[in-house]
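Visitor: The following block contains the structure, expressed as structure tokens.
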Amino acid sequence: MGELITLSIIKADIGSLAGHHITHPDTLAAATKVLAEAKSKGIITDFYVTHVGDDIQLIMTHKKGVDSPDVHGLAWEAFKAAAKVARDLGLYAAGQDLLSEAFSGNIRGLGPGIAEMEFEERPAEPVITFHADKTEPGAFNLPLFRVFADPFNTAGLIIDPRMHVGFKFEILNVYEGKKVLLKSPEEMYDILALIGTPGRYVIKRIYRKDDDMIAAVVSSERLNLIAGKYVGKDDPVAIVRAQHGLPAVGEVLEAFAFPHMVAGWMRGSHFGPLMPVPQRYAQCTRFDGPPRIIALGWQIKNGKLIGPADLFDDPAFDETRRLAQNIAEYIRRHGPFMPHRLGPEEMEYTTLPHVLEKLKDRFVVDVQAMREVEKYKKRPGSESEHE
Ligand code: F6R
Ligand code: MG
Ligand code: MG
């Protein structure tokens with residue numbers, strides 16, 4: 001077996017320019033300096049720092065495996081250095097995602113989002129890293145399902161013998177911290193029954209069934225669940241390996257040609273279309289959005305990051321972007337109404353409950369309506385019947 005390499009993306013919003021719009025170049029420079037020093041000391045093999053919207057993205061390769069205290073500690077230092085610059089410049093929400101003052105060996109649960117995978121480098125190793133802003137980890141459910149389970153998206157599921165047996169999906173219940181491993185195609189309907197609720201069930205990892213090779217990983221941190229209050233959306237990242245017995249780069253990108261509805265956007269409280277954009281448009285404007293995503297294409301050679309290719313920088317995605325604008329225009333006209341605004345369960349993790357709390361004592365009993373409620377409760381089969 002060849003040498004194992006780990007690809008880690010660790011991202012955080014440590015403050016941004018003009019509200020939650022875009023990172024400041026000086027904060028990226030501060031993070032870059034920390035990672036460059038670590039590279040010269042051999043802690044990491046290679047790195048690339050970029051942004052999408054107000055999130056700094058640290059893309060790193062190393063030989064320390066996933067959940068390495070060295071690598072997580074390094075990311076923490078880089079974010080702290082960037083947050084200091086953000087504070088000095090008076091950037092907005094400086095330090096936002098660094099929920100704790102102290103690092104304790106693992107960055108998970110402290111605010112930043114993480115997607116990491118360890119693998120044996122193939123002779124040629126094409127990888128795509130996805131970075132989204134103003135949405136949540138479940139935003140990857142639909143496109144990743146299509147990439148790895150839907151032959152109408154991925155021709156290789158029919159044609160390529162190594163993919164023909166299908167893939168395994170590790171799905172996480174982010175509210176309960178439980179996971180389940182389901183197989184496609186035989187358990188496809190069960191997979192969909194879960195991941196169709198993307199706020200709760202998140203595709204975490206995908207493995208090729210043929211040999212258990214890891215093919216994809218998604219960040220699953222839910223910042224608002226961790227913090228217990230709304231502190232920004234959990235703008236997600238993902239890593240997808242491609243080609244040679246895995247979906248081709250074009251099959252992976254194909255799933256993003258449909259700008260599906262995701263939760264996030266303004267105040268993390270609205271559904272809107274996920275718009276694939278080139279790096280130069282990776283900033284949120286209209287109604288703090290619409291939610292957007294970039295795709296960076298890499299070859300990894302001896303742990304070196306060769307690239308990136310800015311994969312959505314192509315007129316082939318112009319129509320997707322146009323459709324996203326039309327959807328944005330349509331759904332925006334709903335203003336504060338569902339289904340533009342998120343449903344009550346998700347709103348519990350925003351600032352709306354404070355408003356509802358204020359109104360609590362102003363509610364009085366409506367006799368007629370209360371009678372109907374009582375009648376309903378007494379009906380056979382209603383929950384209170386069995387109380
Ligand atoms: C969404 C987001 C923004 C902010 C909004 C209000 O993830 O970051 O839409 O929620 O700009 O921000 P505050 O409350 O900081 O004024
Ligand atoms: Mg922000
Ligand atoms: Mg963000």
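Rule-based calculations on the coordinates, nothing more; no lab input. Just so it is clear, the model here is predicted, and its values are computed rather than measured. Reconstructed Cβ throughout: ideal geometry from the backbone, glycine too, with neighbour counts over all protein chains shown.
Visitor: Quick one: order Val71, Val165 by neighbouring beta-carbon count within 10 Å, fewest to most. Show your work: numbers first, answer last.
Guide: Working: Val71 26, Val165 14.
Fewest-to-most Cβ neighbours within 10 Å comes out as Val165, Val71.
Visitor: Roughly speaking, what is the centre-to-centre gap between region 140-163 and region 265-320 when only Cα atoms are used, to the nearest Å?
Guide: A separation of 21 Å, based on Cα centres.
Visitor: Given a cut-off of under 8 Å on Cα pairs at least six residues apart, what relative contact order in percent is computed for region 259-387?
Guide: 20 percent
Visitor: Given H placed on each backbone N at 1.01 Å, which residues far from Lys301 in sequence or on other chains put an amide H within less than 5 Å of it?
Guide: It is Ile306, by chain and number.
Visitor: Taking the Cβ of Arg205 as the center, what net charge do the other residues with Cβ under 12 Å away carry, scoring Lys and Arg +1 and Asp and Glu -1?
Guide: Around Arg205, the charge tally is +1.
Visitor: Straight distance only, please: which aspartates and glutamates reach the Cα of Lys183 with their own Cα at less than 17 Å, same-chain residues fewer than 8 apart left out?
Guide: Straight-line reach from Lys183, under 17 Å: Asp150, Glu170, Asp210, Asp211, Asp212.
Visitor: List the extent of the Cα atoms of region 226-271 along each of their three principal axes, largest first, rounded to whole Å.
Guide: Over region 226-271, Cα extents along the principal axes are 44, 23, 9 Å.
Visitor: Tell me, what ³J(HN,Hα) does each residue in region 302-307 have, in order and in whole Hz, if you take phi through Karplus 6.51 cos²θ - 1.76 cosθ + 1.60 with θ = phi - 60° and put x for Gly and Pro?
Guide: Couplings: 6, x, 7, 8, 9, x Hz.
Visitor: Along the positive direction of the dipole of the chain (beta-carbon charges: Lys, Arg +1; Asp, Glu -1; about the Cα centre), which of Ile158, Met60, Thr197 reaches farthest?
Guide: Of the candidates, Thr197 comes out farthest on the positive side.
Visitor: Same structure, new question: Where a Cα-Cα gap under 18 Å defines reach, which lysines qualify for Lys134, not counting those fewer than 8 residues away within the same chain?
Guide: Candidates past the 8-residue exclusion: Lys11, Lys229, Lys233.
Visitor: If one puts a single equal scatterer on every Cα of region 101-189 and applies the Debye formula without solvent, what log₁₀ I(q)/I(0) results at q = 0.11, 0.14, 0.17, 0.21 Å⁻¹?
Guide: Taking Cα atoms of region 101-189 as identical point scatterers yields -0.46, -0.73, -1.02, -1.34.
Visitor: Moving on to the next point. Report for region 164-303 the percent antiparallel among DSSP-assigned beta bridges with both residues inside it, nearest 5.
Guide: Taking every DSSP beta bridge within region 164-303, about 95 percent pair in antiparallel fashion.
Visitor: Next question. Within a 10 angstrom radius of the beta carbon, how do Val373, Val365 rank from fewest other beta carbons to most? Mind dumping the intermediate values first?
Guide: Values: Val373 11, Val365 8.
Going from least to most buried by this count: Val365, Val373.
Visitor: In debye, nearest 20, what is the charge dipole magnitude of the chain about its Cα centre with +1 on Lys and Arg Cβ and -1 on Asp and Glu Cβ, if you could check? Walk me through the intermediate numbers first.
Guide: Values: 46 positive and 53 negative charges, 120 e Å.
The dipole of the chain has a size of about 580 debye.
Visitor: For region 211-254 and region 32-76, write down the distance between their C-alpha centroids in whole Å.
Guide: Region 211-254 and region 32-76 have Cα centres spaced 18 Å from each other.
Visitor: Within the chain, what percent of beta bridges assigned by DSSP are antiparallel, to the nearest 5?
Guide: Working: 69 of 71 bridges.
If I count the DSSP bridges inside the chain, around 95 percent turn out antiparallel.
Visitor: Which of Trp298, Trp265 has the fewest other C-beta atoms within 10 Å, and how do the rest follow up to the most?
Guide: Trp298, Trp265
Visitor: Per DSSP H run of n ≥ 4, the term is -39500 (n - 2.57); total these for the chain, divide by its residue number, and report the mean residue ellipticity at 222 nm rounded to 500 deg cm²/dmol.
Guide: Values: 12 runs with 112 residues, N = 387.
The helix-only estimate for the chain comes to -8500 deg cm²/dmol at 222 nm.
Visitor: Right, another one. Quick check: from the Cα gyration tensor, does region 139-293 come out rounded (a/c under 1.5), prolate or oblate?
Guide: oblate
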